[in-house]
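Here is the structure we will look at, set down as structure tokens.
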Amino acid sequence: MDIDLRFEPVTPERWTDFERLLGPRGGFCDCWCVALRLPHAVRTKMRPDERKEHIKNRIAASPPPGILAYADGQPVAWVQVGPRHDVAQFNSPRTVSRPLEEGDVLDPSIWAVSCFFLSPPLRGIGLSHRLLQGAIDHARQNGARYLEGCPIDHSRQSKSVTLCIGSTAIFDAAGFEPVARRKDGRPVMRLDLRQRGSEPHQLQ
């Protein structure tokens, strides 16, 4: 399916678009994309409206914590992408996504793409590759040296909630290289944004 996508940083002015995209359930299971921002013990005690308020306040604080994809003027996807330090739980020493070096957390030029959300009608048609490329372009344009992710190797169904993490296949196709593997099926992958050749591989 040929869909023209336009990417924009999620700013306070675009809050209503973000809210409309995630819908009444806040994306997956009332998450409101705070799963990697708050400790599990804190997040699970919050009401959905409190999670929503948390991400709204984060968007209002700037810089943008990610990008929205638009098709025909409507928000159709969201990618959480920004400096590693902005997603605290992505850096927890107990997680498979923890940084290679302790200092990477404080390095503003080391970014992470940590969450994808697509409008249900557009899932399963290959748009995740384009969302990741949008994240790559955004990171590069904002001075990042490296972009990292911690995708999942396999998922039994295309609409699985686990795909909010992103699949290893799309990261591999975009030129990311595995740099650590703390758990089977969950590699840490990195793209050097200083290399202009970091473009998507040709898909077979």
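The values are calculated or read from the model by the stated rules, or taken from the named source; none is laboratory data. These numbers were taken from a predicted model, which means no experiment stands behind them. Cβ coordinates were reconstructed from backbone atoms using ideal geometry, including for glycine residues, and neighbour counts include every protein chain displayed.
A few points about this structure:
- The test for being of a type in the set (A, V, I, L, M, F, W, C) and without any contact (Cβ under 8 Å) to a residue 60 or more places away in the chain does not hold for Phe90.
- Qualifying residue in region 24-33 (condition: farther than 18 Å from Ala88 by Cβ and hydrophobic (A, V, I, L, M, F, W, C)): yes
Matching residues to (1) part of a loop (DSSP other than H, G, I, E, B); (2) in contact (Cβ under 8 Å) with a residue 12 or more places away in the chain; (3) not hydrophobic (A, V, I, L, M, F, W, C):
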{"site": "Arg98", "(1), (2), (3)": "yes, yes, yes"}
{"site": "Asp104", "(1), (2), (3)": "no, yes, yes"}
{"site": "Trp111", "(1), (2), (3)": "no, yes, no"}
{"site": "Cys115", "(1), (2), (3)": "no, yes, no"}
{"site": "Gly175", "(1), (2), (3)": "yes, yes, yes"}
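- First in region 126-143 and surrounded by fewer than 22 Cβ atoms within 10 Å (Cβ to Cβ), second anywhere and of a type in the set (Ser, Thr, Tyr), Cβ under 8 Å, 6 or more apart: Gly143/Ser109
- Residue in region 67-80 that is closer than 24 Å to Ala41 by Cβ, modelled with pLDDT of 95 or more and buried (at least 16 other Cβ atoms within 10 Å of the Cβ) present: yes
- Per-region count, region 1-23, residues assigned to a strand (DSSP E or B) and over 15 Å from the mean Cα position of the chain (by Cα): 1
- Residues that are closer than 18 Å to Pro121 by Cβ and β-branched (Val, Ile, Thr), drawn from region 1-33: Ile3
- Picking from residues in region 98-124 that are within 19 Å of Leu38 (Cα to Cα) and in contact with a strand residue (DSSP E or B) (Cβ under 6 Å, 6 or more places away or on another chain), the one that is surrounded by the most Cβ atoms within 10 Å (Cβ to Cβ) is Val113.
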